[in-house]
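The structure under discussion appears below in the form of structure tokens.
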Amino acid sequence: MQHFVRPEGMPPVNGYSHAVVFAGRMVVISGQVPVDEQGGLVGRGNPEAQVRQVFQNLAAGLAATGASMTAQILLCWLKLIALDGDLVRAEPKTLRYRVLNAAARLVRGGRRRRWKIAANWPWAEAITRAWQRITALPDPG
């Protein structure tokens, strides 16, 4: 276990570590508040500035451990846009087992993309609904 008490760019602490890395790839980040590197409150009366500072603190803590927020951001968007039911509230470990590690292939043909997924996969229907929601999104370009 490796403690990152106060990584560069993070506010002062009082008796805890901003980040801890366990054996393997598990990183735990402490709860963050809108405080800058010097310990001063950022954006008094400005919730947007406070949220930005909190995410800057989270990113700094993750960067100190060698991690990034990319995976978490992608999982949040997946939940927001594509998933429904129990999967919306599922933990990352559950999503990894039920959705992300599904025995499926993306097949292209006739100018279309299709999922080929085993019919007996317990969450095939949920994955199919998610894929339909994603493909129904308007083209950003």
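None of the figures in this text is laboratory data; all of them are computed from the coordinates on show. These numbers come from a predicted model, not from an experiment. Glycine gets a Cβ as well: all are built from the backbone with ideal geometry, and neighbour counts include every protein chain shown.
Using the number of other C-beta atoms within 10 angstrom as an exposure proxy, rank Glu125, Glu48 with the fewest first.
Going from sparsest to densest Cβ surroundings: Glu48, Glu125.
Out of these labelled values of Cα extents along the principal axes in Å, (1) 106, 27, 21; (2) 57, 37, 26; (3) 36, 32, 26, which was calculated from the coordinates shown here?
(2)
Quick one: length gained pulling Ile81 to Ala119 fully straight, 0.36 nm per residue minus the C-alpha distance?
11.3 nm
Restrict the search to the range 83-141; then list the trypsin sites (Lys or Arg not before Pro) that DSSP places in a loop and that have at most 16 other Cβ atoms within 10 Å of their Cβ.
Sparse-neighbourhood loop trypsin sites (Lys or Arg not before Pro): Arg111.
Within 10 Å of each residue's Cβ, count the other Cβ atoms and sort Ser68, Ser17 from fewest upward.
The most exposed by this proxy come first: Ser68, Ser17.
Quick one: plug the Kirkwood hydrodynamic radius of the range 71-135 (C-alpha pairs) into Stokes-Einstein at 20 °C, 1.002 mPa s, and report D in µm²/s.
173
Sort Ile81, Ile127 so the one with the fewest other Cβ atoms within 10 Å of its own Cβ comes first.
Ordered by Cβ neighbours within 10 Å, fewest first: Ile81, Ile127.
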